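Data block below; observations after.
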Amino acid sequence: MPPSLRRAVFTIGLVLGLALGLVYTWVINPVRLTNTYPALLRLDYRHDWVRLAVLSYVADGDLERVQSRLDSLEKEDVSESLRALIEEYVAAGRSPETLRELTTLAEALDVNTPAMLVYADATVSPVPTLTPTPLPSPTPTSTFTPSPTATPTKTPTPTPTSTPTPVHTFTPSPTFTPSPTPTPSPTFTPSPTPPLLQRLSLAEKEQLCSRGQSPHIEVVIQDEDGGGLPGVEVWLTWSDGADRAVTGLKPERGPGYADFNVASDVAYTVSVGELGMPLVTGLRLEPCPVEEGEEPFTGSWRLVLAP
Amino acid sequence: MVIGWWLWPVTYTNTSPSALREDYHDEYVLMVATAYEVEGDREKARERLTLLDSEDPSAPVVRLAQRLIEQGGSEEDVARLARLAQSLDATTPALMPYLQR
């Protein structure tokens, strides 16, 4: 056999042997990994692992246990799944207790999402306290100075995302002075006490149909006598964001009034005060009834919350 | 074979829960039972358990519960597993007492 043919046979044999070996070891009888750990799971299984660990924490409140279950995973996996779960639960209007548990865990794991702000004890500033200013006798002008907490210290800034982001319309100014009139104007009732906020529920829900008006949600907070309550912090949350307003900053609409600009096709939750108690969940804009041939348009909502 | 098995083996980064080490496997089953308690979604629990045993999804739950009973594990964990087993129609006499808790 000539040397060149010998080399060719040798080379072909080598390549064939290598190919057959790889087919056998990769396809026919590959290495079987039976002792894997969560970090090696496929992405969707990893996320489900995090979800399971977090739900277990909701059930047993054992922080050490959940941390050990999440230890082997990348922080990014944990953050992403936990954030998604919180947003899903907020949008679904789950109980405040569950959401607080989730928020506590998120804080412990250094995960943040705007939707959880309303449930985080430390992040929600207290309800602004309105101190009734005694009316000066010569000129009866009342000055309403919101306490420093009225400044939105933790107001989440809606980040540009693919989902429509409502833009908050009001900017709480440090002070506002009702237009001076001869009559004693806005008479602010004493600051609302937590028990009153705890007793609030949805008393009235009215669709506002005014063509050409930008879609919004009006919230009116009333006391036992039906009077408007100023200085109450109202939260509007949705799956990936939150917004806050304080009643009474548009005195021409009444002391208990606050509003939010909103977008269509988003489910909103309305909560009041630092309690974070969701009072209205799954609130969406709906089309207004129109006559045949008229162009359809979307209505706004007016919600009255009273004890 | 040296190349295929040791030097350059098939790498597994997208594994399924069925490949988990025994302790993680147990944690997974226990977490499924606990999540079922929170969410009450039996079909979701069954779907997750199918990843461990496609023919009898309740089997890993019953096996773990019985092992925990034998080893004197947490009664709370056993009770959770027993409740999930019951919802999957897989209760055994050994699990019955834990359904009352």
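Values in this text are rule-based calculations from the coordinates and carry no lab data. Every value quoted in this text rests on a predicted model; they were computed, and no experiment measured them. Positions of Cβ are backbone-derived with ideal geometry, glycine not excepted, and every protein chain shown enters the neighbour counts.
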- Query: In percent, how large is the relative contact order of chain B, given Cα pairs closer than 8 Å and 6 or more residues apart?
  - Reply: 23 percent
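Which shape class applies to segment A:28-116: rounded if a/c is under 1.5, otherwise prolate when a/b exceeds b/c and oblate if not, where a ≥ b ≥ c are the square roots of the Cα gyration tensor eigenvalues?
Values: a/c = 2.48, a/b = 2.07, b/c = 1.20.
Because a/c hits 1.5 or more and a/b exceeds b/c, segment A:28-116 counts as prolate.
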- Task: Evaluate peptide A:60-69: per residue, the Cβ atoms of other protein chains within 10 Å of its Cβ; return the mean as an integer.
- Result: 2
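Given Cα positions, please report Rg to Rh for segment A:214-307, the hydrodynamic radius being the Kirkwood one. Mind dumping the intermediate values first?
Values: Rg = 14.2 Å, Rh = 14.0 Å.
For segment A:214-307, the value is 1.02.
Expressed in nm to one decimal, what extension gain is obtained for the pair A:R100 and A:L202 from 0.36 nm per residue of sequence separation less their Cα-Cα distance? Don't skip to the end; give the middle numbers.
Values: separation 102, 0.36 × 102 = 36.72 nm, distance 2.20 nm.
Between A:R100 and A:L202, full extension yields 34.5 nm more.
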- Message: Under 12 Å between alpha carbons, and skipping anything fewer than 8 positions from B:K44 in its own chain: which aspartates and glutamates qualify?
- Response: A:D48
- Radius 12 Å from Cβ of A:R94, net charge of other residues (Lys, Arg +1; Asp, Glu -1): -4
- Message: Whole percent per 10 Å bin, from 0 to the bin with the longest distance: what is P(r) over all C-alpha pairs of chain B?
- Response: 15, 44, 23, 10, 7, 1
- What share of all Cα pairs of segment A:41-88, in percent, falls into each consecutive 5 Å distance bin? 5, 24, 35, 26, 10, 1
- Item | Ranking of A:S214, B:S87 by count of other Cβ atoms within 10 Å, fewest first | A:S214, B:S87
- Message: With just the Cα atoms defining each centre, how far is segment B:36-78 from segment A:1-77? Give it in Å.
- Response: 26 Å
- Dipole of segment A:14-82 (Lys/Arg Cβ +1, Asp/Glu Cβ -1, origin at the Cα centre): which of A:V50, A:L20, A:A39 lies farthest to the positive side? A:L20
- Query: If one computes P(r) from the Cα atoms of segment B:14-56, what percent of pairs lie at distances over 12 Å?
  - Reply: 58 percent
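Please go through segment B:17-69 and write out the GluC sites (Glu not before Pro) that DSSP classes as loop and that have at most 11 other C-beta atoms within 10 Å. Don't skip to the answer; put the middle values down first.
Values: sites: B:E22, B:E27, B:E37, B:E39, B:E43, B:E47, B:E55; in loops: B:E55.
Of the GluC sites (Glu not before Pro), the ones in loops of segment B:17-69 whose Cβ has at most 11 other Cβ atoms within 10 Å are B:E55.
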- Query: Size of the dipole of segment A:199-287 about the Cα centre, Lys and Arg at +1 and Asp and Glu at -1 on the beta carbon, nothing else charged, in debye to 20?
  - Reply: 160 debye
- Item | Compactness of segment B:34-85 - radius of gyration and Dmax, Cα, Å | 10.9, 29
- Query: What percent do you get for the relative contact order of segment A:1-101 when only Cα pairs under 8 Å and 6+ apart count?
  - Reply: 23 percent
